[in-house]
Amino acid sequence: MAERALDIRDVSYAYAERPALREVSFDVEKGSLFGLLGPNGGGKTTLFRILTTLIRPQNGSARIFGYDVATQPNQVRQLLGVVFQHNALDNELSVLENLRFHGALYNVSPAAFRQRSGELLRFFDIADRADDRVKTLSGGLQRRVDIVRALLHRPRLLLLDEPTTGLDPAARKVFWQALARLRKTEGTTMIVATHLMDEAEACDRIAIIDRGRLVTAGTPSALKEEVGQETLWLETDNPEELLDRIHAQFGVRGAVLERNIQIAHPEAHTLMARLYETFGAQIRSATVRKPTLEDVFLIRTGYRFHEAESMLAP
């Protein structure tokens, strides 16, 4: 069995009377890139606060490389590198000054600092900006400096909370390319919290969290295959009635989601043509496509990803 970098069991947490996490359980293998996918306000940041020992779980347990985050916080902190949603840099200091401050917090010796900071700055292509103040750097370059800061003390687990917030598409691409190279060269375990589907697709495994609950977990491909190789989506004014008639005539089962009927079928295109012949007057539109993680979320929760965020809005 592969070594676990993270083992979470039945973790719950509530702010006053508002549950933020409800009996969440999953694990992360050493050396993997794990995605925590969910709408804003769904519980991802609360979970990260627990993992970084800022708050203790009210129920359940979380262990990082065997150390309990609640009872062994000092050992856990030595194992972690954290990239927050907004960078943790002092904009008035230079890149190197920021890194020296972080190195001092982790008792990195001067010789080790020179070697490690130099190799990381070169690795992330920002060595030529080492003496520049952080405030003079672009958002993408600041993000790279923030990763260097988080990696300076050689953490075994890197936590990234919405790391590409505010970056343009080009900067996001460079950011993920750099992380891919880092995994290949250092084997760092990474957990990224994101609400972006394409970032989740790039992960080895993901856990989908919504309104504090674990919706599902697995590889992106496996989660989509559970929905079906191809899915047929029908828009209709009376989805329950139409689905009953489809089942009665063709023996096909499906799910009603809003005003849509979703049917997983090995011959979805052929079925669509037959349904149009029989029920064409009741079908407003029909689409056959391969399932996406958005579909997985919709089918598992009964509502769309962006609607989940609006439901959580005050």
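With the simple model of a label 7 Å out from the Cα in the direction of the Cβ, ASP237 to ALA202 spans 4.6 nm.
Could you tally the net charge around ASP198, taking each other residue with its Cβ under 12 Å from the Cβ of ASP198, Lys/Arg +1 and Asp/Glu -1?
-1
Look at the dipole of the chain built from charges on Cβ: of PHE123, ALA273, ASN59, the Cα furthest out on the positive end belongs to PHE123. Taking the charge dipole of region 4-219 about its Cα centre, with +1 at Lys and Arg Cβ atoms and -1 at Asp and Glu Cβ atoms, the residue from ALA70, ALA14, ALA112 reaching farthest to the positive side is ALA112. Its Cα centre serving as origin, the chain has a Cβ charge dipole (Lys and Arg +1, Asp and Glu -1) of approximately 1060 debye. Put simply, the C-alpha atoms of region 46-152 give a gyration tensor, and the ellipsoid matching it has half-axes of 29, 16, 11 Å, longest first.
Using a simple spin-label model with pseudo-atoms 7 Å out from Cα toward Cβ, ASN91 and ARG156 lie 3.7 nm apart. Note that region 175-228, at 37 °C in a medium of 0.692 mPa s, gets a Stokes-Einstein diffusion coefficient of 263 µm²/s from its Kirkwood radius over C-alpha pairs.
Going by the alpha-carbon gyration tensor, a ≥ b ≥ c the square roots of its eigenvalues, is region 172-314 rounded (a/c under 1.5) or, if a/c is not under 1.5, prolate (a/b greater than b/c) versus oblate? Note, shape of region 172-314 comes out prolate. Dipole magnitude for region 219-308: about 120 debye, using +1 per Lys or Arg Cβ and -1 per Asp or Glu Cβ, origin at the Cα centre. Net charge of the neighbourhood of PHE84, taken over other residues with C-beta under 10 Å away and scored Lys/Arg +1, Asp/Glu -1, is -3. Would you work out if the chain is rounded, prolate or oblate? Take a ≥ b ≥ c from the square roots of the eigenvalues of the alpha-carbon gyration tensor; rounded if a/c is under 1.5, else prolate when a/b is larger than b/c, oblate otherwise. Judged from the Cα gyration tensor, the chain comes out prolate (a/c at least 1.5, a/b above b/c). Evaluated over the chain, the count of Lys pairs having alpha-carbon atoms less than 27 Å apart is 13 (only pairs 8 or more residues apart or interchain). Find out how many positive minus negative residues lie around ASP68, taking Lys and Arg as positive, Asp and Glu as negative, among other residues whose Cβ is under 12 Å from that of ASP68. Spelling it out: positives minus negatives among the neighbours equals +2.
The residue list PRO155, SER221, ALA264 was ranked by how far each Cα lies along the charge dipole of the chain toward its positive end, using unit charges on Cβ atoms, and PRO155 comes out on top. Loop-resident GluC sites (Glu not before Pro) (DSSP state other than H, G, I, E or B) in region 51-127 with no more than 13 further Cβ atoms inside 10 Å of their Cβ: GLU92. Out of all DSSP beta bridges in the chain, what portion is antiparallel? Express it as a percent rounded to 5. Rounded to the nearest five, the antiparallel share is 65 percent.
Laboratory data are not the source of any read-out in this text; all were calculated from the coordinates shown. Here the structure is a predicted model, which means the values were calculated and not measured. Positions of Cβ are generated from backbone atoms using ideal geometry, with glycine treated the same way; all protein chains shown enter the neighbour counts.
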